[in-house]
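Since the structure comes first, as structure tokens, the remarks are kept for the end.
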2 protein chains.
Amino acid sequence: MRIGELARRTGVSTRVLRYYEQRGLLCAQRDANGYRRYDDEESVETVGRIRELLATGLNTDDIRALLPCAQGGPGLNPCAFSCGIVERQMAQLDAEMAELARRRAALGAYAQVMRERRAQDEALAARALRSA
Amino acid sequence: MRIGELARRTGVSTRVLRYYEQRGLLCAQRDANGYRRYDDEESVETVGRIRELLATGLNTDDIRALLPCAQGGPGLNPCAFSCGIVERQMAQLDAEMAELARRRAALGAYAQVMRERRAQDEALAARALRSA
DNA sequence: TTGCACCTTGACGCCGGTGTAAAGGTCAAG
DNA sequence: CTTGACCTTTACACCGGCGTCAAGGTGCAA
């Protein structure tokens, strides 16, 4: 399977597949003419896993470290290491959610102030209208 | 007050103050030699408000639209418009929080799978150790 | 032979707030 | 006059996953 077919079967652009290879997430054999050649099964699965992991917010560096374990790599130690990466990312997500909650609260305070200002303005306008 | 002093009093770099001016968030008079001159009170407050709003995740375009109202601008209509901006941003934050929650859940599923794999590996290693 | 689909590498753009540097003007103090 | 602090504008870099274009090679079909 060449890169175009892998792109079609995964719904990912060829640009992205080459990018994943450059980042060390995906490997390919080469034909005599230099074209990339992928195995039928494994590559599709690997690309799927990469997309899933990316969608969790992990970056390509972390995914590169994670993939050998996720694919059944050299066993115990790397897997413990990978668990660390995943847990670190979960903590990161927790921190980001807390940050977003903080922003939302601050924005809510602003909205409150603005609602009050607006009510004031409307009262003022109504009074001006009556006196006119 | 010139730009250096405003920078010191607000804790914001001169680069950032010029950027805010370029984005239309902050205005300054000019001395005869071209130096920016700021009023003593208002500028410090304005910069503070800009920083607060940026910290809520609003971008400079929204803040530019928002500031006249937050400063007691031309009244009713702009303020209603500003309320819309704030509410839109709050909805945006809600969506981002939901997305982060989704990511966290997906990552949790991965962590679960990996924990199981790890336990499997450890059991395997223990058995190998016993049989050796 | 021509055309077309497919492949290759390399490189620039994006977003958006900010750092940082270059190249130069202004002004007060020594 | 020199030094040095302060000011000016212009412009490039960053991050990170990806779109998109350029310039060119390969191979099959009409």
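The values are calculated or read from the model by the stated rules, or taken from the named source; none is laboratory data. Since we're looking at a predicted model, the values are computed, not measured. For neighbour counting, all protein chains shown are included, and Cβ atoms are generated from backbone atoms with ideal geometry for every residue, glycine included. The area values use the complete protein model at the heavy-atom level, side chains included, leaving out ligands, DNA and RNA. Shrake-Rupley method; radii C 1.70, N 1.55, O 1.52, S 1.80 Å.
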On the accessible surface of chain B, probed at 1.4 Å with all protein chains in place, carbon and sulfur together account for a percent value of 50
Given R₀ = 51 Å, what would the calculated FRET efficiency be for residue B:51 paired with residue B:119, taking r from the Cβ atoms and rounding to 0.05? 0.55
Neighbourhood charge, 13 Å Cβ-Cβ cut-off, centred on residue B:128 and excluding it, Lys, Arg +1 and Asp, Glu -1: 0
Cβ-defined net charge surrounding residue A:19, 14 Å radius [Lys, Arg +1; Asp, Glu -1]: +4
If you add up the charges near residue B:102, with Lys and Arg at +1 and Asp and Glu at -1, over every other residue whose beta carbon is less than 15 angstrom from its beta carbon, what do you get? -3
Taking the axis of the rotation relating chain A to chain B, the A residue whose Cβ comes closest, together with that distance in whole Å, is A:97, 3
Principal-axis tilt of helix B:60-70 within chain B, Cα atoms, nearest 10 degrees: 50
For residue B:131, tell me the accessible area in Å² from a 1.4 Å probe, rounded to the nearest 10. 100
Counting protein heavy atoms only and a 1.4 angstrom probe, how many square angstrom of accessible surface do chains A and B bury in total, to the nearest 100? 3700
If the only charges are +1 at each Lys and Arg Cβ and -1 at each Asp and Glu Cβ, what is the size of the charge dipole of segment B:1-129 around the Cα centre, to the nearest 20 debye? 540
Once both labels are modelled 7 Å past Cα along the beta-carbon direction, what's the residue B:31-residue B:5 spacing in nm? 0.9
Give the distance, in whole Å, between the Cα centre of segment B:22-60 and the Cα centre of segment B:104-132. 56
Helix B:40-55 against the longest principal axis of chain B: what's the angle in degrees, Cα atoms only, rounded to the nearest 10? 20
Residue B:61 versus residue B:42: modelled label distance in nm, points set 7 Å from Cα along the beta carbon direction: 2.7
Under the definition of Cα pairs under 8 Å and six or more residues apart, what whole-number percent is the relative contact order of chain B? 17
